[in-house]
Every structure is written in structure tokens, then in C-alpha cells.
1. Does any residue in segment 148-168 that is touching a residue at least 60 places away in the same chain (Cβ under 8 Å) come within less than 9 Å, Cβ to Cβ, of a residue that is among the charged types (D, E, K, R) and part of a helix (DSSP H, G or I) six or more places away or on a different chain, and which pairs are these?
2. Criterion first (in a helix (DSSP H, G or I), charged (D, E, K, R) and either over 22 Å from PHE70 (Cβ atoms) or more than 15 Å from the chain's Cα centre (by Cα) (or both)) does GLU105 satisfy it?
3. Going residue by residue through segment 189-211, is there one that turns out to be part of a loop (DSSP other than H, G, I, E, B) and modelled with pLDDT under 85?
4. Considering only segment 160-173, I want to know if a residue exists there that is farther than 15 Å from ASP68 by Cα and β-branched (Val, Ile, Thr).
5. Within segment 113-134, can one find any residue that is free of Cβ contacts under 8 Å to residues at least 24 places away in the same chain and under 18 Å from LEU34 (Cβ atoms)?
6. Pick from ALA113, ALA62, ALA85: which is more than 23 Å from ALA24 (Cα to Cα) and surrounded by 14 or more Cβ atoms within 10 Å (Cβ to Cβ)?
7. So which of ILE11, ILE57, ILE27, ILE31 is at pLDDT below 80, at negative phi, in contact with a helix residue (DSSP H, G or I) (Cβ under 9 Å, 6 or more places away or on another chain) and not hydroxyl-bearing (Ser, Thr, Tyr)?
8. Output the helices (runs of 4 or more DSSP H) that fall wholly within segment 53-102 and possess 3 or more residues being of a type outside the set (A, V, I, L, M), or say none.
Amino acid sequence: MRLIRAELLKIRRRQATWVLLVVALVITAVIYLLLGRSLGGLACQLDFGDFGFGECIVEFPAAYALIDQFAFATLGGVLAIVYAAALVGSDWGWGVLRNVIARGESRAMYLLAKATSIAIALAVGVLVIFVFALLMTYATALVYGISVASPLRGRGLEDLAANILLGYPVVLERAALGFAVAVVLRSQLAGAVVGIVLYLGEGIVTTFLTLAGVARNAGNVFDGGLQIVGPEWFQYLPMTVGNQVLNWAPGVSSSPGTGGIEGLFLRPVPLELALPVLLLYLVVAIVVSIVALNRQEII
């Protein structure tokens, strides 16, 4: 606990903590305002009323599909990679590890305390982004005259909790990958760059493999229609499996386009498989970090 408290104090004083949070909130606000009236098209039901005129109403839990992209998936995931890599990678450049080892601290315990403090900081950060995105849903709807239903109707609180509980492990797993790369390469820049390249590169690879599979099955159109296949092996890759977990969050699976091109042609990985694989990647990343740090010579 002493090490965790010390790391949390350092996190609170790090400029990167506040800069990345402000950047996330600004990007979220800008994208919501740019969406304008198309916000309703992301999670909309038509109410024709008594006169036959359609009115678009943003419904929950479908509205969580966009909120999850900011808090957990695209924006949240990338910033988690950068943040974790920046926090752990800077310890080599600033000579922190040399001082820690000189005090007789266990390398493994120090790294676990570092990882735990980052997990706590990310929990606070994603909750702030999630709530802010939820508020921006109402603000954007107000600006453009779109009606928004109450998020507390029906299974409101259960759907809210399910989105957070499924989204937070995705953020942790992606942060752990950036964390591991930064420890192995002993560089915050390398951890951030490699993590982002992995994130973007994996998306390109999975899209290519999906299209290749569609091309192979194109002949089935004449034999009764193009069949949805899968799950395929590449849906279990580190970044992609996080998207598979999020696809089971209430409101996400029912929103058009949220599953990307893979969602059009491939069956999703069942949650009972996707979540354990996600957690396995997280554990392996931390174990690799500990093994790598124990083998490094700190001068």
C-alpha cells in the first residue's frame, strides 16, 4: 500500500495525467458537436405522433455505443496505451528505478504497485470521460433540437453498469500492452509508439483478413446468399478481442456500424470466451513486464 500511495501521488503531480484527460474531453466535445443532427441516427427510434410526422429520439442503451467509443474503445484505448507507457517508461530516463533498487525494494512489487496505481487512475479517467460523453449527448441534442430518452428507463442502471464493467477491462488490457512494451524497451516513447502501431496495424490486418474471407465465400451468393462465418482466429488478437468484449455491452450490438466491417460478415466471439482471453492478455503483459525488469541491469 505504501508503494501504491507513493505512485498515486506521483500520478496526481504528473502533467501528462491532466493533459491527456483534457485532450480526451476536448476531442469528445468536438466530435459530438460535429455530429450535429446525425447524433440521432446512431441510436434513434421514430415517433410518428398523431400527425404522421417522424421525430427522432435518442434511446438508451443504444446511445452507449458512441459513449463507449470515447471512454473505452477508440479514444480511451489509445490514450490508455500512451498514458501507461509514459508513466512507466519515464522511470528509466529519470533514474527512478535506480533509487528504488538502492532502497532495497522488490522489482516485482514496485512494478505491481505501478500497474495498480495506473489502473486506479484509469478507472477515474474513464468514468470522467464516460459521464462527460453522456452529458455531451444531452448537450448536442439540445443544440440541434433532438429528443433524448431517459437513461434510467427499463434496465437503465443495469445497462449503465454493464457498459462500464465490460469497458473497463478493455482499457486495462490495452494499457497493459503499452506498459509491457515500455518496460521491455525501457522507453516511454517506444511503448507509446509501438502500442499505437499495434492498435492501428491490427485493425488494418483484421479488416484485410475479413475482406479476404468475404472474397473466398463470394460464390455462396449464388447458392443461397452470403453466409456469416466465424468466429475467426484473428478475432482473438489483443486489440480485436477487446472490441469483441465491448460488442456484448447493452446497446452496442444493436447499433449499426459499431462492429466495423467485421461485424457485417463475422459472428462475434462469445463473451464467455472473449473476456477470459482479454484478461489472459492483461496477465501475460504484466508477467512479461516483471520478468523483463528482473532480467535488466539497472546502473
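The values are calculated or read from the model by the stated rules, or taken from the named source; none is laboratory data. Fair warning: this is a prediction, and the values are worked out from it, not measured in the lab. So basically every Cβ, Gly included, is an ideal-geometry build from the backbone, and we count neighbours across all protein chains shown.
1. Partner pairs satisfying both residue conditions: PRO151/ASP159; ASN163/ASP68; LEU166/ASP68; GLY167/ASP68.
2. On the way: in a helix (DSSP H, G or I): no; charged (D, E, K, R): yes; either over 22 Å from PHE70 (Cβ atoms) or more than 15 Å from the chain's Cα centre (by Cα) (or both): yes.
No, not satisfied.
3. As a first pass, look at segment 189-211 and keep what is part of a loop (DSSP other than H, G, I, E, B): none.
No, the conditions are met nowhere in segment 189-211.
4. Taking segment 160-173 as the starting set, the residues that turn out to be farther than 15 Å from ASP68 by Cα are 173.
Then keep just the ones that are β-branched (Val, Ile, Thr); that gives none.
No - not one qualifying residue is present in segment 160-173.
5. First, pick out the residues of segment 113-134 that are free of Cβ contacts under 8 Å to residues at least 24 places away in the same chain: 124, 131.
Filter again for under 18 Å from LEU34 (Cβ atoms), leaving none.
Checking segment 113-134: not a single residue is free of Cβ contacts under 8 Å to residues at least 24 places away in the same chain and under 18 Å from LEU34 (Cβ atoms).
6. Numbers: ALA62 fails: more than 23 Å from ALA24 (Cα to Cα); ALA85 fails: more than 23 Å from ALA24 (Cα to Cα).
Exactly one residue qualifies, and that residue is ALA113.
7. Values: ILE11 fails: at pLDDT below 80; ILE27 fails: at pLDDT below 80; ILE31 fails: at pLDDT below 80.
Just one listed residue meets the conditions, ILE57.
8. Numbers: elements: 64-71, 74-93, 96-102.
By residue number, 64-71, 74-93.
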